[in-house]
1. Examine region 24-47 for a residue that is at positive phi and not in a helix (DSSP H, G or I), and state whether such a residue exists.
2. Kindly provide the set of residues from region 53-77 that are assigned to a helix (DSSP H, G or I) and exposed (fewer than 11 other Cβ atoms within 10 Å of the Cβ), ordered by number.
3. Name the residue, out of LEU2, LEU14, that is touching a strand residue (DSSP E or B) at 6+ places or on another chain (Cβ under 9 Å) and modelled with pLDDT of 95 or more.
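The values are calculated or read from the model by the stated rules, or taken from the named source; none is laboratory data. Since the model is a prediction, treat every value here as computed from it, not as a measurement. Because the Cβ atoms are built from the backbone with ideal geometry, glycine has one as well, and the counts that use them run over all protein chains shown.
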Amino acid sequence: MLVHEFINKLQESLMDDHKNFGPYTKLEEVESWDSVGRLAVAVMIKTELGIELTAAKLRNCISVADIVDLVKEKLEG
């Protein structure tokens, strides 16, 4: 999966309609970045990439780029 495809899946998982959703998007600005949103992201990452992330790791993320960094070994480009 390419990085931009992952970011699109991440945006879908969070049901976010930010027009400029990307690596520099601050997660605190995403309305659905709460415990349910983090669970949806964890499930998407497990399903799509086979990586299990703890809630603590996701909670420590500040931007979309931080989430990408957690899974970058499974992403292309």
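1. Kept after step one, since they are at positive phi, are these residues of region 24-47: none.
For region 24-47, residues at positive phi and not in a helix (DSSP H, G or I): absent.
2. So the first thing to find is which residues in region 53-77 are assigned to a helix (DSSP H, G or I), and the list is 55-59, 64-74.
Selection gives ALA56, GLU73.
3. Details: LEU14 fails: touching a strand residue (DSSP E or B) at 6+ places or on another chain (Cβ under 9 Å).
So the residue among LEU2, LEU14 that is touching a strand residue (DSSP E or B) at 6+ places or on another chain (Cβ under 9 Å) and modelled with pLDDT of 95 or more is LEU2.
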